Amino acid sequence: MSDLRPTQTGPASASRRRFLKVAGAGMAGASVLTMLEARQAPAQIKGSTLRILTWSHYIPAYDVWFDKFAVEWGDKNGVKVKVDHIPHLEIPARMAAEYAAGSGHDLILNNATILARLYYKSLVDMTDIYDSLGKKYGGWIPAAKSPIEVEGRIYGIPMYYILLPMLWRKDLFEASGLKPPDTWELARVAARTLKPKGNPAGIAFSHCNDANLNWRSLMFSFGATETDPSGDNPTIDSKEMRETLRFAKALFDEGMTPEVFSWDDASDNRFLASGIASWIHDAISAYRTTESTNPAVFKNTFVAMEPAGPGGKRVSVAAPIVFLGWKFSKNQQAAKEFMVHLVDNDKEGMIQSTGYNMPFLNDNAKKPMPILGVDPKMQVLQDFPKIVGFYGYPGPYTPQIQEVANLFVLPDILTRVARGQSIDDSLKWGVGEYRRIFAKHKRA
Amino acid sequence: MTVTLSGGPESTSRAAAQRVSWRSSVTARWRTNTSRRLAFGYMLLAPAALYVLLLVGIPFLFSLYLAVSDANVGDQVSTFVGLANFRAAWEMDSFWDALRNSVVFLVVAAIFKSLLGTSLAFLLLQNFSGKKLVRALVVIPFTLPISVSVLSWKWMYDSQFSVINWGLHKVGLIGAYGSESWPIWLGQPQLALIACIGVNVWRSFPFSAIVLLAGFTSVPTEVLDAARVDGCSFFQRFRHVVAPMIFPILIIGFLFDTVFTLSDLSVVYLLTAGGPGTASMILPVLAYQIGIQAGSLGRGAAIALMLVPLLFPALFLMLRNLKRRDW
């Protein structure tokens, strides 16, 4: 017969401790599950303040949504969220000031000028959430790591990128029996044909972001490269680059007017909206704004795939947008939690930006994408993720390339050629500038 | 009294006596009106000296330190590199373009500001109805936030929608948009620099006018009347009576203007960012692009310091002239 008395397993105090342990673990587990269920962040971020510095988006409605989205996340998680918007060109100066002061925002957005490699020693390592988000959403597009990876670690979270496709006037092309601008050669023929009819084409040659981005698309599609895959050596002194410059000179002479030397980032938008442009190569904000400013132009403007170069290659150079976080931030946990929440709502962001924000994550880039998938004119943008590249292509987006871009060396090479300087002399000057900048960074 | 080299009670008492006499002489000197006034003067000057030291001296020394280091925005450690940053700047074509443009910018802007400022000051001296309103209006360019005013000018210089071009076209001076004679203000190399200088002059000449106006009103009317009685013409009165009397004000105004013009980053940066090519590049813009945007603080500081050799001789000559005139 068995003894029915309870077995003494240890001293009474140990049982209490064990009870507390088990109960505590159970409560913690339940809390985590509840938090996950409710998409809540850990308790330690409650009562904290998250300060976000971001740009003034070209689509103002996106900013309205973002601010509300951030505050709502904060309310749900007991975090006070403050969002500051400044023009994106002012962000580098603000970052320098915050770095010097050792205080500032917890999250800072970088647009086109990505400073992760410059400040990485003072930035939060975000490899963990980058990897987990990649796993969750089918991986990142190949170009995603380029601006934020340093020595195998990730120092920012890519949010979205801005495409600059070819925006062309179908009515003008058809009236002159021209084919859609599927290659750069077809685009040149169209510009040459339509300029005498009062409809020139336009790409900025001036000191603006558009010039840096657009001419690189042409250059890389022509097979030229900016650096070797390591990013340590400039490679612009090539046969393909000379061909690019020859083509750009012809394109300017035959199909553009000198006003392209004076343009800022919004000038080509106005050029398209005025009804004069036959085509421009610009972000879709140019297309969107014509919807209200010139509906007739909007109706006849179409979005084309990135034109192919002579060898059939297509590379679309986009402006990446990433979030970085300071190491000195006292609220790194909340910053990371917010990043994850923002990426989880990537598709909503795309909708709010009216298709302007392009996703870095493969699952979000699957067809049909929000907005783009249902707009017949913009469906072609869904094919861009596989041809997207950034400054420095095929190498990474390094500080030396950033300096080359900040000093507008590439647009200046093209300006020299367009203004009549020989291709050899212009390229010699440009190669000298590249080498000087690269040598300085190598010494540092 | 015997003096012993080895010391002793006698020498000790003598030293004590000397100390007492030194103290009493210091106290006596302190008690004089002159010394008290001197000390009071230094005391009054101290805040200004401290202000200059904190807000001018320390940043200047810090920029000197940056210029001889490889300081970078993302790196807290920097090492001494001697004159390498200056050599790197001299090797850049764009540096020499920026230096040349800075000098042209300074000289041309100074000439136009002097002419327009003087004319405006004379106009504002006249008696006419609404004088107070006009005086208030002329300072508007100077008081408007620079980003707002430059943005307006950017629109006026727009390659397609320029109101200046529209006006010139309407009066028949230029052809229609798209014609050869249609100026691209910010896209043609010479015009881009002229356009930037134009905005700088527009913004700053009211300041010159107000400085001159203050000087003109300080000239006693009796002196001018006496000159008039002696048969001096307007220009003779200006040349031989007014100008020498307001010379210190002129020099101080000119000094301010030189410093403001040479260090003016905003107008060029917002209008052209130094383009097209390097046609309107000036030293402050180049220093900003390299130092802040590209993050090379050392080289940016070296380029910014190149303004000092430009400014220093001008300042030295002007201040020496002022001192010689005993003002």
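Filtered by the rule that a residue be buried (at least 19 other Cβ atoms within 10 Å of the Cβ), charged (D, E, K, R) and modelled with pLDDT of 95 or more, region A:136-180 gives a lone residue, A:R169. Could you list, in sequence order, the residues of region B:252-274 that are in a loop (DSSP other than H, G, I, E, B) and not small (G, A, S)? Once the filter is applied, which keeps residues that are in a loop (DSSP other than H, G, I, E, B) and not small (G, A, S), region B:252-274 yields B:D264, B:L265, B:T272. Of the residues examined, B:G277 is not one that is within 14 Å of another protein chain (Cβ to nearest Cβ), crowded, with 19+ Cβ neighbours inside 10 Å, touching a residue at least 40 places away in the same chain (Cβ under 8 Å) and not in a loop (DSSP other than H, G, I, E, B). What residue, among those in region A:289-302 that are surrounded by fewer than 18 Cβ atoms within 10 Å (Cβ to Cβ) and not hydroxyl-bearing (S, T, Y), is nearest to the other protein chains (Cβ to nearest Cβ)? This residue is A:N294. Against the conditions (1) modelled with pLDDT of 85 or more; (2) under 22 Å from the mean Cα position of the chain (by Cα), B:M318 satisfies every one except (1). Number of residues in region A:253-276 that are in contact with a strand residue (DSSP E or B) (Cβ under 6 Å, 6 or more places away or on another chain) and in a loop (DSSP other than H, G, I, E, B) equals 1. Against the list (1) within 14 Å of chain A (Cβ to nearest Cβ); (2) β-branched (V, I, T); (3) over 26 Å from the mean Cα position of the chain (by Cα), the condition B:V171 fails is (1).
Residues in region A:244-276 that are more than 30 Å from A:S292 (Cβ to Cβ) and either surrounded by 18 or more Cβ atoms within 10 Å (Cβ to Cβ) or within 11 Å of chain B (Cβ to nearest Cβ) (or both): A:T244, A:L245, A:F247, A:A248, A:K249, A:L251, A:F252. Quick check on region A:114-136. Is at least one of its residues within 14 Å of chain B (Cβ to nearest Cβ), within 17 Å of the chain's Cα centre (by Cα) and β-branched (V, I, T)? Scanning region A:114-136, I find at least one residue that is within 14 Å of chain B (Cβ to nearest Cβ), within 17 Å of the chain's Cα centre (by Cα) and β-branched (V, I, T), so the answer is yes. Residues in region A:67-77 include at least one that is touching a strand residue (DSSP E or B) at 6+ places or on another chain (Cβ under 6 Å), among the aliphatic types (A, V, I, L, M) and buried (at least 21 other Cβ atoms within 10 Å of the Cβ).
Considering A:A204, A:A144, which residue is of a type in the set (A, V, I, L, M) and out of contact with any Asp or Glu (no Cβ under 6 Å at 6 or more places or on another chain)?
Values: A:A204 fails: out of contact with any Asp or Glu (no Cβ under 6 Å at 6 or more places or on another chain).
The conditions single out A:A144.
Does at least one position in region A:122-135 carry a residue that is at pLDDT 95 or above, small (G, A, S) and surrounded by 24 or more Cβ atoms within 10 Å (Cβ to Cβ)? Checking region A:122-135: not a single residue is at pLDDT 95 or above, small (G, A, S) and surrounded by 24 or more Cβ atoms within 10 Å (Cβ to Cβ).
Suppose we filter region A:95-113 for residues that are part of a helix (DSSP H, G or I) and facing another protein chain (nearest Cβ under 10 Å); how many remain? Talk me through it step by step, then tell me what you get.
Residues of region A:95-113 that are part of a helix (DSSP H, G or I), as a first pass: A:95-101.
Now drop any that are not facing another protein chain (nearest Cβ under 10 Å), which leaves A:95-97, A:99-100.
Selection size over region A:95-113: 5.
If we scan region B:56-66, do we find a residue that is touching a Gly at 6+ places or on another chain (Cβ under 7 Å), modelled with pLDDT of 90 or more, under 22 Å from B:L305 (Cβ atoms) and within 14 Å of another protein chain (Cβ to nearest Cβ)? The answer is yes, given that some residue of region B:56-66 is touching a Gly at 6+ places or on another chain (Cβ under 7 Å), modelled with pLDDT of 90 or more, under 22 Å from B:L305 (Cβ atoms) and within 14 Å of another protein chain (Cβ to nearest Cβ).
The values are calculated or read from the model by the stated rules, or taken from the named source; none is laboratory data. All figures in this text were calculated on a predicted structure; none of them were measured in a lab. Cβ sites come from the backbone with ideal geometry, for glycine too, and all protein chains shown count toward neighbours.
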